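Here's the structure we're looking at; comments come further down.
Just so you know, all these numbers are worked out from the coordinates, no wet-lab data involved. Computed from a prediction, not measured in an experiment: that's the story for all the values here. Here Cβ is always computed from backbone atoms with ideal geometry, including for glycine, and neighbour counts include all displayed protein chains.
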């Protein structure tokens, strides 16, 4: 009687296959982690952009001007409805997720007028007055739905700052990770358009922001 051998894999073949799977998984994991972190920082930037839009709409509805303030160690932003320059209990507030923070420090390649078409102000380069006369470094929205700055306690919140030109705004969002910092930006144009930009330093195209 003839005995037929059964098809199968030897222990050596299985060991090789498992080794290949482990190697491929090890190579793919850092890339997957970067993709997840990029999505997280973009989501955080969109959260900030949403509050900016809420402030814009509220200013036009109330025929007033409002400031958007940083809070809680720059992990949150709020809409300062009572104009006291603080984030109070009745002020709408958004806390960024995934440990992201609102920070303009240490940005490798900043968005500037060559890309945006205007020179944006930021919390590091502006001082404005609130309706109650407090001074803050914050984005303001006027009753026309335009970004503005109030240069004195008696002046209007204007979309034009003297010889400095039209008011635009930028706020960078950063997510610190062991493999590197993920960065996004929320930009408000002088016309009030709000856009989220993503930083991609190593995509090989020579374009840092998209």
*For the pair residue 53 and residue 105, what calculated FRET efficiency results from E = 1/(1 + (r/R0)^6), where r is the Cβ-Cβ distance and R0 = 35 Å, to the nearest 0.05?*
0.90
_In the stretch 42-68, whose amide N lies under 18 Å from the spot 7 Å out along Cα-to-Cβ of residue 143? List them in ranges._
55-67
*Return P(r) of the stretch 12-198 (all Cα-Cα pairs; 5 Å bins starting at 0; whole %; ordered from short to long distances).*
1, 8, 15, 19, 17, 12, 8, 5, 3, 3, 3, 2, 2, 1, 1, 0, 0
_7 Å from Cα along Cα→Cβ at both residue 31 and residue 98: what's the point-to-point distance in nm?_
1.9 nm
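Between residue 63 and residue 134, take the C-beta separation as r, use R0 = 22 Å, and let me know the FRET efficiency to the nearest 0.05.
So, using R0 = 22 Å, E works out to roughly 0.55.
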